[in-house]
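The next block holds one structure in the form of structure tokens; read it before the comments.
The values are calculated or read from the model by the stated rules, or taken from the named source; none is laboratory data. Bear in mind that the values here come from a model prediction, so they are computed numbers and not experimental data. Positions of Cβ are generated from backbone atoms using ideal geometry, with glycine treated the same way; all protein chains shown enter the neighbour counts. The accessibility values were calculated without ligands, DNA or RNA, using every heavy atom of the protein model including side chains. Shrake-Rupley method; radii C 1.70, N 1.55, O 1.52, S 1.80 Å.
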Amino acid sequence: MDQLLDLLLFLLPIYIANSSPVVLGGGTPLDLGMNFFDGKRLFGEGKTIRGFIGGVLAGTLAGGLCALVYQSPFFMTEPTQFFAGFMLSVGTLCGDAFGSFIKRRLGVGSGRQFLLDTILFLLVALAFVFPFASISLFDPLDLLFFILLTLILHPLMNILANRAGLKRVPW
Ligand code: CTP
Ligand code: MG
């Protein structure tokens, strides 16, 4: 049970960073309206500067609050854990933007459904935090749990956000 809590608290900054831009975002797009070499938008209107910064701040705050009250076995020290919350959040938003970049290159429209939307942010967040995590605790079973839980939770959260009127589409 304790172990499950460790895993869920590890994921908290990622999930907060990924979901908060829906409410915090808007305004100037991250790509400043610029196109890539293919003449299509770099990221598109769905990725905004405010969403990116808001997501990083919200995720870092969530991770920071966790670090204050609880020592994660994934990180050696409290400062590392705090910093990890930041890295997980930046990784999440970079993964999210990278997903948009791929979507635009493939000609998938802004806001359209895309398989990688569900999981890419998690994989990039894990890659970003990897250098700071205690490797002994980062075992394949944990990674499998992260992936499976995210594959279930991400679509579920989007359906709820749509029902709550926060998101235009249920994905
Ligand atoms: N959002 C934002 N800034 C971000 C990420 C998200 O402002 N960096 C906001 C936008 O209002 C966006 C909404 O959250 O429309 C939902 O995010 P998401 O589903 O990730 O983006 P999409 O609109 O689907 O755009 P894309 O097709 O580029 O993924
Ligand atoms: Mg989307």
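General remarks:
- Lysines with Cα under 22 Å of Lys167, excluding same-chain neighbours fewer than 8 positions away: Lys47, Lys103
- Each Cα pair under 8 Å and six or more residues apart adds its separation to the average, and for the chain the resulting relative contact order is 21 percent.
- Counting only protein heavy atoms and a 1.4 Å probe, the chain has 55 square angstrom of accessible area per residue.
- Label reach from Met157 (point 7 Å along Cα→C-beta): in segment 89-111, amide nitrogens under 15 Å belong to 89-97.
- Tensor-based shape of segment 1-95 (alpha-carbon gyration tensor, a/c under 1.5 rounded, otherwise prolate or oblate): prolate
- For the chain, adding -39500 (n - 2.57) for each run of n ≥ 4 DSSP H residues and dividing by the number of residues yields -20500 deg cm²/dmol at 222 nm.
- In segment 94-156, trypsin sites (Lys or Arg not before Pro) in a DSSP loop with at most 14 other beta-carbon atoms within 10 Å: Arg112
- Amide H to amide H distances under 5 Å link Arg41 with Phe36, where only residues 5 or more positions off or on other chains count and H is placed in the peptide plane.
- Share of carbon and sulfur in the accessible heavy-atom surface of segment 2-163 [1.4 Å probe, %]: 73 percent
- Kyte-Doolittle mean at least -1.0, axial Cα span of 24 Å or more - DSSP H helices of the chain: 2-19, 49-69, 78-105, 140-163
- Counting only aspartates and glutamates at least 8 places from Lys40 when in the same chain, those with an alpha carbon closer than 17 Å to its own are Asp31.
- Summary of the geometry: segment 1-73 and segment 99-166, compared by the centres of their Cα atoms, lie 11 Å apart.
- In plain terms, the chain from Thr28 to Leu116 could stretch by 29.3 nm, reckoned as 0.36 nm per residue minus the Cα-Cα distance.
- Shape analysis of segment 2-163 yields a ratio of the Cα radius of gyration to the Kirkwood radius, Rg/Rh, of 0.99.
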